[in-house]
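The values are calculated or read from the model by the stated rules, or taken from the named source; none is laboratory data. Predicted model only: the values in this text are computed from it and were never measured. Please note: Cβ atoms are built from the backbone with ideal geometry, for glycine as well, and neighbour counts cover all protein chains shown. Surface areas here come from the heavy atoms of the whole protein model, side chains and all, with no ligands, DNA or RNA. Shrake-Rupley method; radii C 1.70, N 1.55, O 1.52, S 1.80 Å.
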Amino acid sequence: MLGFLLRRIAATIPVLLMVAVFVFLMLRLTPGDPAAIIAGDNATPQQIVEIRERLGLEEPLHVQFAIWGGNLLRGDLGQSYFFRQPVTSLIAQRIEPTFSLAAVTIVITVLVAVPLGTLAAYRHGSWLDKFVMGFSVAGFSVPVFVVGYILIYVFAVELRWLPVQGFVSIREGFWPFMERMIMPATALAVIYIALIARMTRASVLEVLGEDYVRTARAKGQGEFKVLVNHALRNAAVPIVTVIGVGIALLIGGVVVTESVFNIPGLGRLTVNAVLARDYPTIQGVILLFSFLYVLINLLIDIAYLFLDPRIRY
Amino acid sequence: MERPRILEVERLAVELPKAADRVHAVEDVSLHVDSGEIVCVVGESGSGKSVTAYSVMGLLPPGQLTPVAGSIRLEGEELLGAKPRRLRELRGDRMAMVFQEPMTALNPVVRCGDQIDEVLRLHTRLDRKERHARILDILAQVHLPDPKRIAAAFPHQLSGGQRQRIMIAMALVLEPALLICDEPTTALDVTTQAQILRLVRELQEAHGTGVLFITHDFGVVAEIAHRVVVMEKGRIVESGTTEAILTRPQEPYTRMLIDAVPTLEPRPPLERGGTKVLSTERLEKTYQTGGFFRRGTAVHAVKGVDLRVDAGEIVGIVGESGSGKSTVARCIARLIEPTGGIVRLKDADLAQLKGRALRRHRRRVQIIFQDPYRSLNPRRTIGASLIEGPINYGETAEAAMAKARELLGFVGVDPNAIDRYPHQFSGGQRQRICIARALILEPELLIADEAVSALDVSVQAQVLRLLETIRERLGLAVLFITHDLRVAAQVCDRILVMRSGEVVETGPTAEVFAAPKHPYTKELFDAAPGRSWQFAKLAS
């Protein structure tokens, strides 16, 4: 077990290294002076000279990579001349809203999609099953901003139950946090509910035909426990895989949602950075996202070990 | 002494869905099981024997099979129409069931001990410690070594026989009045089958359990039954004591089932000697596990096997699961790559061929697999499956189709059914189709890998006859892989007995059967079900 963890963590190193090399080369291979690109359009010549010295741009490429990598390991992602702040602190400021949104979305998704998919499989062919399948098609088809604006119109503008937009940290109380989080998270969750409910349905449906489900019934086990203890546990591996992939995709999905609901998170930071061609920030965000993808995959692999004793690496 | 009646089924009728080929899955079925008695229900697939068993348990698929008439009483209590809640209370407590496939009947992600514990938690108020003691006790009763370790093991860590013991432990832990066994040994090796049958009888005697035992094999009946109920097409055709049914069967159907049980009498040895088609020399297959970051271990699946098959000859490889017999077959068919040795097919050594060179030889060796339900693509018509091979080797679709029709006729399937899908055929028909698919490439060597093991004995006999005809008419060399000595006796001219990757005994079938030398071969003989009764029949 420990051996597996160490091997698995060791296996992430080459991946992270490749991302780092790619991000490093992104600037160096762009035509023009990297220092001028980093400094942005409004930089003074003085700033450009400083950047050139700091990055060692006169040195050969591998020395530059060593300097850059060394800074990276110390948590120094460089300076954004557009925002006039270190990239690290820029990301640190924006990380909380985005993670909050992602977390609430995932919680809603799992709480809704897994029971819904399981019931649809159990009542295969019933109206509930048809509703879930129909909802899945609809959920895939409607863009997140449409759902978002409909929610705002109904619950904020007409009913006035919830504030229109904005973000409040959870440190200032759970309710104020949830009040502003519930709509964007729901809007974002729709497509993931569609995806995961379908996946759950397919997976549970397959497992329900297995012999051990029949064995459980032959023992006199009740239907609820047959579903949860026997069917769902065995159906879990593909479901968890999709949830994991969903979390990874989610981070891309927050961009639009954050714009619709005016949430100051990483999504909007990315948009602004791209529009301003703020390379240090773009680099920082790419590195962060890649790290998250790798981390999520690691967590999924570890989850497999607990879900299925037959899986041993 | 009058024994208490455990189960009484009277005039049971179960309706099939509207589209089926008959109205009732079972009709007018009456039978009973008394305490301490084993009643075997015998019949072919589709005879309604399993439907009867599932009706008793209340486990028929809802909406598809519905009991419409009759009554089922367990210790005097009516089960048809009982509330689901009451049925759940009875299941696992007063009546329990052991299923056919031990490999899939246990939940793969729950420890074996916990699966038994589930029964105790559902039906008793014992505390944790008492339950644990009960689990270890029942595991010891089913003769599993080291109950503590077994209780903590997951199903995939155990063999098929061990898993079936777990199922039996789970069924008997609360000492139910009725135990239903649905072909519990069909998926097992003969020696394991013999052990499981002995175990069922031993525990049933010790606890006075009434057993309803479903099987298609009269060999098993002879081993275990007190009374026999024979079913055909949903109806009971005959019933009586085991002795009476086996010695004086009244119905032709019963007689057919009894005659289908292969005897241990070997076929007469083959006279004419054919030319050598296949030979292997020091064939080896070693599996290497492990990977990038860790040490590997080596598993020697096949260790230095020499064999030879001549034209017009059927050579059997007999052995149990894990003996390496299927690995030998797959190495010869080059579905896997041998790690050492020579596979000589007439003039060519196939062992290390790759890519195009191998592809040229592929059509010369064809294989028939064990499970006809899974070896045909369910989404293609059998015609499409049949002609795929010839088309790959450059024939036109029309020519291949004509050949496919001809071969279907040859193997005994209606050529007009060529546009149907596999699910429209029975298991025996599907295996015939698989044989046609192998023959259509005009191979020099045909490998039958447990090709009749998944079939009912009566169907088995027909398919064996077909193989015999193929050998005679086409003069093919046939390599016949089986775990069942009785089957090997029917068709093989020579046999090799394999164990742990090695050939332990080899010779003409008649010689090996007359005087088995290796203790393992003797063990296989003793395990053949119905053996003692076979001798009784020969004597009469």
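Under 20 °C and 1.002 mPa s, how fast does segment B:437-540 diffuse according to Stokes-Einstein, given a Kirkwood radius computed over C-alpha pairs? Answer in µm²/s, whole number. Write down the numbers at each step before the final one.
Working: Rh = 15.1 Å.
Approximately 142 µm²/s, per Stokes-Einstein.
What whole-number distance in Å separates the alpha-carbon centres of segment B:472-534 and segment B:219-282?
17
Could you state the per residue volume, in Å³, of the convex hull enclosing the Cα atoms of segment A:95-307?
Details: hull volume 30.3 nm³, N = 213.
Hull volume normalised by residue count: 142 Å³.
Given a 1.4 Å probe and heavy atoms of the protein chains only, how would you sort B:His216, B:His132, A:His124, largest accessible area at the top? Walk me through the numbers before you get to the answer.
Values: B:His216 20, B:His132 90, A:His124 115 Å².
Listed by decreasing accessible area, they come as A:His124, B:His132, B:His216.
How large a share of the accessible area of segment A:95-307, in percent, is made up of carbon and sulfur atoms when the probe is 1.4 Å and the other protein chains stay in place? Don't skip to the end; give the middle numbers.
On the way: 6660 of 9390 Å².
Reported share for carbon and sulfur atoms: 71 percent.
With chain A treated as a Gaussian network of Cα nodes joined by springs under 10 Å, which of A:Ala236, A:Ala66, A:Ala202 yields the largest mean-square fluctuation?
For chain A, modelled as a Gaussian network with Cα springs under 10 Å, the answer is A:Ala66.
What whole-number value in Å² describes the accessible area per residue of the protein assembly as shown for a 1.4 Å probe?
Numbers: 38900 Å² over 853 residues.
Per residue, the protein assembly as shown has 46 Å² of solvent-accessible surface.
Please name the residues of segment A:204-234 whose accessible area, counted over protein heavy atoms with a 1.4 angstrom probe, falls by no less than 50 Å² between the chain alone and the full protein assembly.
A:Asp211, A:Tyr212, A:Arg214, A:Thr215, A:Ala218, A:Lys219, A:Gly220, A:Gln221
If I take R0 = 30 Å and measure r between the Cβ atoms of A:Gln46 and A:Leu275 in this structure, what FRET efficiency does the formula 1/(1 + (r/R0)^6) give, to the nearest 0.05?
Working: r = 25 Å, r/R0 = 0.85.
The formula returns an efficiency of 0.75 here.
Modelling each spin label as a point 7 Å along the Cα-to-Cβ direction, I'd like the A:Phe224/B:Lys276 distance in nm, to one decimal.
7.1
Run the numbers on segment B:292-430 and let me know its relative contact order in percent, using alpha-carbon pairs under 8 Å that are six or more apart. Write down the numbers at each step before the final one.
Working: 94 pairs, mean separation 23.0, N = 139.
Contact order relative to length: 17 percent.
How large is ³J(HN,Hα) for each residue in segment B:121-138, as worked out from phi by the Karplus curve 6.51 cos²θ - 1.76 cosθ + 1.60 (θ = phi - 60°), to whole Hz, x for Gly and Pro?
3J(HN,Hα) across segment B:121-138, in whole Hz: 5, 5, 10, 10, 10, 5, 7, 3, 5, 5, 4, 4, 4, 4, 4, 4, 5, 5.
In Å², nearest 100, what accessible area do chains B and A bury in total when the solvent probe is 1.4 Å? Could you put the intermediate results ahead of the total?
On the way: alone 24570 and 16560 Å², together 38900 Å².
That pair of chains buries around 2200 Å² in total.
Can you pull the percent of chain B's accessible area that's carbon plus sulfur, 1.4 Å probe, other chains left in place? If you can, show how the numbers build up before the last one.
Numbers: 11420 of 23480 Å².
Percent of accessible area from carbon and sulfur atoms in chain B: 49.
For chain A, modelled as a GNM with alpha-carbon contacts under 10 angstrom, which of A:Ala187, A:Ala248, A:Ala138 fluctuates the most?
A:Ala138
Provide the gained length on full extension for the span B:Glu78 to B:Arg5, in nm with one decimal, where the gain is 0.36 nm per separating residue minus the Cα-Cα distance. Intermediate results must be reported in sequence, preceding the final value.
Numbers: separation 73, 0.36 × 73 = 26.28 nm, distance 1.33 nm.
Roughly 25.0 nm would be gained on extension.
Tell me which aspartates and glutamates have Cα within less than 17 Å of A:Lys219's Cα, excluding those fewer than 8 residues away on the same chain?
A:Glu210, A:Asp211, B:Glu89, B:Asp93, B:Glu101, B:Asp114, B:Asp117, B:Glu118, B:Glu175, B:Asp182
Starting from the Cα gyration tensor of the protein assembly as shown, multiply each eigenvalue by 5, take the square root, and state the resulting semi-axes largest first in whole Å. Don't jump to the answer; show the numbers that get you there.
On the way: eigenvalues 734, 286, 132 Å².
Equivalent ellipsoid semi-axes, largest first: 61, 38, 26 Å.
Compute the separation of the alpha-carbon centres of segment A:73-92 and segment B:1-27 and state it in Å as a whole number.
Taking the Cα centre of each part, segment A:73-92 and segment B:1-27 sit 77 Å apart.
Residues of segment B:44-65 losing 20 Å² or more of accessible surface, assembly versus chain alone, probe 1.4 Å, please list them.
B:Tyr54, B:Leu59
What does the accessible area of A:Tyr293 come to, in Å² to the nearest 10, when a probe of 1.4 Å is used?
Taking all protein chains as shown, A:Tyr293 has close to 90 Å².
Calculate the radius of gyration of the Cα atoms of segment B:1-153 to one decimal place, then report Dmax, the largest Cα-Cα distance, as a whole number, both in Å.
Radius of gyration, then largest Cα-Cα span, for segment B:1-153: 18.0, 53 Å.
Which residues, if any, in segment B:104-125 lose at least 50 square angstrom of accessible heavy-atom surface (probe 1.4 Å) when the other protein chains sit next to their chain rather than the chain being alone?
B:Thr104, B:Asn107, B:Pro108, B:Val109, B:Glu118, B:Leu122
At most 10 other Cβ atoms within 10 Å and a DSSP loop assignment: could you name the trypsin sites (Lys or Arg not before Pro) in segment A:166-249 that fit? Present the calculation step by step, with values, prior to reporting the outcome.
On the way: sites: A:Arg171, A:Arg180, A:Arg198, A:Arg201, A:Arg214, A:Arg217, A:Lys219, A:Lys225, A:Arg233; in loops: A:Lys219.
Filter output for segment A:166-249: empty list.
Give the residue list of trypsin sites (Lys or Arg not before Pro) in segment A:1-107 that are DSSP loop and have at most 10 other beta-carbon atoms within 10 angstrom.
Details: sites: A:Arg7, A:Arg8, A:Arg28, A:Arg52, A:Arg54, A:Arg74, A:Arg84, A:Arg94; in loops: A:Arg74, A:Arg84.
For trypsin sites (Lys or Arg not before Pro) across segment A:1-107 that sit outside H, G, I, E and B with at most 10 neighbouring Cβ atoms in 10 Å, the list reads A:Arg74, A:Arg84.
Which value, in Å² rounded to 10, gives the accessible area of B:Leu353 with a 1.4 Å probe and all protein chains present?
Here the residue's solvent-accessible area equals roughly 40 Å².
Report the GluC sites (Glu not before Pro) located in segment B:1-50 that are in a DSSP loop and have at most 14 other Cβ atoms inside 10 Å of their Cβ, or state none.
On the way: sites: B:Glu2, B:Glu8, B:Glu10, B:Glu15, B:Glu27, B:Glu37, B:Glu44; in loops: B:Glu2, B:Glu37, B:Glu44.
Passing sites in segment B:1-50 are B:Glu2.
Would you mind pulling out the separation of the Cα centroids of segment B:60-80 and segment A:157-219, in Å?
41
Give the long-range amide H neighbours of B:Glu37: residues separated by 5 or more places, or on another chain, with amide H under 5 Å away, using H modelled in the peptide plane at 1.01 Å from N.
B:Gly210, B:Val211
Can you compute the FRET efficiency between B:Glu251 and B:Ser30 using 1/(1 + (r/R0)^6), with r the Cβ-Cβ distance and R0 = 22 Å? Round to the nearest 0.05. Walk me through the intermediate numbers first.
Numbers: r = 17 Å, r/R0 = 0.76.
Computed FRET efficiency for B:Glu251 and B:Ser30 comes out at 0.85.
Please enumerate, by chain and number, the lysines with C-alpha under 17 Å from the C-alpha of B:Lys285, excluding those fewer than 8 residues away in the same chain.
B:Lys285 reaches B:Lys303, B:Lys325, B:Lys354.
Which whole-number percentage describes the relative contact order of chain A, with Cα contacts under 8 Å and a sequence gap of 6 or more? Working shown, then result.
Numbers: 344 pairs, mean separation 76.2, N = 313.
With pairs under 8 Å counted, the relative contact order is 24 percent.
If each of A:Arg310 and A:Ala202 carries a label point 7 Å out from its Cα toward its Cβ, how far apart are those two points in nm?
It works out to 1.9 nm between the two label points.
To the nearest 10 Å², what's B:Val512's accessible area with a 1.4 Å probe?
10
Relative contact order (percent) for chain B, with alpha-carbon contacts under 8 angstrom and 6 or more residues of separation? Walk me through the intermediate numbers first.
Numbers: 1064 pairs, mean separation 85.6, N = 540.
In percent, rounded to a whole number, it is 16.
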